[in-house]
Amino acid sequence: MAAGGGGLIGVVALVAYLVLGGDPSQVNLDSLRGTEVDTGQEDGQVATECRTGADANEREDCRIIGYVNSIQAYWTETLPAYQPATTTFFDGSVSTGCGSATSAVGPFYCPPDQGVYVDLGFFDAMKTQLGAEGGPLAQAYVIAHEYGHHVQNLEGVLQAGGGGSGEESQAVRTELQADCYAGVWTGNAVETGYLEPISREQLATAIDAAQAVGDDRIQERTQGQVNPETWTHGSSEQRQEWFTTGYESGDPASCDTFNAEL
């Protein structure tokens, strides 16, 4: 599942759940390379340095780790059976329980090793290649979306192979639910103690990011035409709608995309 049908071509046996594909030409957040954040066991100098809110305000790398901690704290409190995932930051390539992956796939979730993998160049690519406004909460949306897939995996709703394609496909419903879960976390993020109150302007950047990664918008930018039969993530309107649904409700129960009319 990737932008314009690319990204996973040639990556054999990589069954992962992505925001979208792309091929970032510039790496940001370089200090996070090789850092892993999981159940309180941080690996890497940056993870051990990022301890306070002041750190997060002053350092972009610490802010990203703060998002991971906030997302994990929310789901741990919300779901009794929640098991923390491991977040790995990479650029170039990475080996996972799903196989080898390159930066071309962007951020993704791998069910077998319950790992979230964040390509360090993707946040820049969102702006330079996909036309998103970007910003801190847009970055948080990307990470929270992948953790939405982790919640789905724990709940047993992920399907091997991705769930086909098309406007009403299982794949689209899966991605839209992950968007909704990202919105739910955003609506509850301040209560985790990691984030200050979210402004209307910051929220707009997250919604803008959801719009930027819609299948229709990506196809229009990369192919010059829109083909709903090949959609695997949903339209810009759908992605915005479900993120907003999660944010406004603050309740994972509002995210039943599998039984909703899309």
Please state which one of 142, 118 is under 25 Å from residue 222 (Cα atoms) and outside any strand (DSSP E or B). 142
Consider residue 157 against the criteria (1) assigned to a loop (DSSP other than H, G, I, E, B); (2) under 14 Å from the mean Cα position of the chain (by Cα); (3) among the hydrophobic types (A, V, I, L, M, F, W, C): it satisfies all of them except one. Which criterion is unmet? (2)
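The rows are residues; the columns are (1) without any contact (Cβ under 8 Å) to a residue 60 or more places away in the chain; (2) in contact with a helix residue (DSSP H, G or I) (Cβ under 8 Å, 6 or more places away or on another chain); (3) not aliphatic (A, V, I, L, M).
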| site | (1), (2), (3) |
| --- | --- |
| 135 | no, yes, yes |
| 141 | no, yes, yes |
| 153 | yes, no, yes |
| 158 | no, yes, no |
| 171 | no, no, no |
| 176 | no, yes, no |
| 183 | no, yes, yes |
| 193 | no, yes, yes |
Some residue of the stretch 124-133 being under 21 Å from residue 246 (Cα atoms), in a loop (DSSP other than H, G, I, E, B), modelled with pLDDT of 90 or more and not acidic (Asp, Glu): no
Within the stretch 69-106, track down each residue that is modelled with pLDDT of 90 or more, touching a helix residue (DSSP H, G or I) at 6+ places or on another chain (Cβ under 9 Å) and not polar (S, T, N, Q). 71, 73, 74, 75, 77, 79, 81, 82, 84, 85
What are the pairs, 6+ residues apart or on separate chains, where a residue within the stretch 234-260 that is closer than 18 Å to residue 215 by Cβ has its Cβ under 7 Å from a residue that is polar (S, T, N, Q) and outside any helix (DSSP H, G or I)? 242/257
Residues satisfying the stated conditions in the stretch 131-188, i.e. hydroxyl-bearing (Ser, Thr, Tyr) and touching a Gly at 6+ places or on another chain (Cβ under 8 Å): 169, 174, 181, 186
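The values are calculated or read from the model by the stated rules, or taken from the named source; none is laboratory data. All figures in this text were calculated on a predicted structure; none of them were measured in a lab. Cβ coordinates were reconstructed from backbone atoms using ideal geometry, including for glycine residues, and neighbour counts include every protein chain displayed.
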